[in-house]
Amino acid sequence: MLRWLPICFLLCVLSVQGQQNLIQNGSFEEYDPCPAHFEIFAPKYWYNTSINTPNNYSSICFSDSTSGVPYNAPGFQYPQDGNAYAGAGVYAISSNQREMITNKLSQPLDSNNTYCLTFYVNAADNDSWRTYIDKIGIYFSTDSIHFNTYYLLPVTPQLYTPDGLFFSDTINWTKVDVSYIASGGERYMTVGNFNSDADTDTIFGGDNIAQAMGYIFYDNFSLVECNPPPPTTEIIIPNVFTPNGDQLNETFEIENLPDNSSLIIYNRWGNVVYQSDNYQNNWKGENNSSAVYYYILTLPNGQIKKGTITLLK
């Protein structure tokens, strides 16, 4: 818990279905064992990144009104998922004190792959915490980080939540969706407010602006690979070609033709004049006169395309 709090609050967080979630314990359900005190940040695979201490809130581990669910010191909220969530201070007027949480991913990220990150946030509704901020940063690193400071971390996040999305809803969980192109090897993810007080846009909802502080609950993190599928390439079949020796349009050339496509060419009497089991865009109409011919193109996936091709010499 942030050290500037009064003692009462010291007792107090692509449709990609089927993809592996690289965030371990994304809903803060797993403890081994439950911490003896809620100020010991102890969800499995998560840890505190600075001297200030984020908090655990759980209906399984705690039953008191400072760290339980749904009642706790920063406010009242049911989990977005499961029985638990985490909380962290994200703003303290004129002091730049911050709390951050870090997750160890289940495996390193692959270079140049795109990953979709989703998580849910909710603003604390206790009057002492009702300063709402405009963005949260996400920092990926290859090694674990920990800084002996109460204040801003000396790192720059690669991602921020979308502009204009103030985290001011104290009733509903707000879903965050962002994507990240990995440099490669990132194994840790740190979340929080990386901006100074001066660079943080705020909305103050409490009664005493001189003690303005902001606090956010976090729940249900998911990070999955979400590389877009390769663009579909349309197969374009011409209706005429002119093998007349001018080096232009000399062959029956099919654009974006997959390998191992078979082609049969018929004349108007139904006789086969050309056949290939792996057409290479090389039929020049040899020994055939100018006329309209018929083709059957069979793609590797079994799809069949039929039509006419005019040969002009």
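Values for this structure:
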read-out	value
Filtered residues of segment 276-313 (kept if surrounded by 15 or more Cβ atoms within 10 Å (Cβ to Cβ), of a type in the set (Ser, Thr, Tyr) and in a loop (DSSP other than H, G, I, E, B))	TYR279
Any pair with Cβ under 7 angstrom, 6 or more apart, that starts in segment 39-67 at a residue that is among the basic types (Lys, Arg) and ends at one that is not in a loop (DSSP other than H, G, I, E, B)	LYS44/TYR31
Condition met for GLU250 (of a type outside the set (Lys, Arg), over 16 Å from the mean Cα position of the chain (by Cα) and surrounded by 14 or more Cβ atoms within 10 Å (Cβ to Cβ))	yes
Unique residue being on the phi < 0 side of the Ramachandran plot, of a type in the set (A, V, I, L, M) and within 16 Å of the chain's Cα centre (by Cα) when the list is VAL176, VAL155	VAL176
Residue that is nearest to the chain's Cα centre (by Cα), among those in segment 80-112 that are farther than 11 Å from TYR215 by Cβ and of a type in the set (D, E, K, R)	ASP110
Residues that are outside any loop (DSSP other than H, G, I, E, B) and either in contact with a Lys or Arg (Cβ under 7 Å, 6 or more places away or on another chain) or not assigned by TED's automatic domain parsing to the domain that holds ALA84 (or both), drawn from segment 25-46	TYR31
Residue ID - surrounded by the most Cβ atoms within 10 Å (Cβ to Cβ), chosen from residues in segment 21-42 that are at pLDDT below 90 and of a type in the set (D, E, K, R)	GLU39
Residues being over 29 Å from THR66 (Cβ atoms) and surrounded by fewer than 21 Cβ atoms within 10 Å (Cβ to Cβ) - total across segment 94-117	10
Test: residue in segment 82-90 that is at pLDDT 90 or above, surrounded by fewer than 22 Cβ atoms within 10 Å (Cβ to Cβ) and at negative phi	yes
In segment 171-217, residue surrounded by the fewest Cβ atoms within 10 Å (Cβ to Cβ) [restricted to those that are β-branched (Val, Ile, Thr) and modelled with pLDDT of 90 or more]	ILE171
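Residues checked against (1) over 18 Å from GLY214 (Cα atoms); (2) surrounded by fewer than 24 Cβ atoms within 10 Å (Cβ to Cβ):
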site: LYS44; (1), (2): yes, yes
site: SER50; (1), (2): no, yes
site: THR53; (1), (2): no, yes
site: SER58; (1), (2): yes, no
site: VAL69; (1), (2): yes, yes
site: ASN72; (1), (2): no, no
site: GLY75; (1), (2): no, yes
site: TYR78; (1), (2): yes, yes
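The values are calculated or read from the model by the stated rules, or taken from the named source; none is laboratory data. Bear in mind that the values here come from a model prediction, so they are computed numbers and not experimental data. Cβ atoms come from the backbone with ideal geometry, glycine included; neighbour counts cover every protein chain shown.
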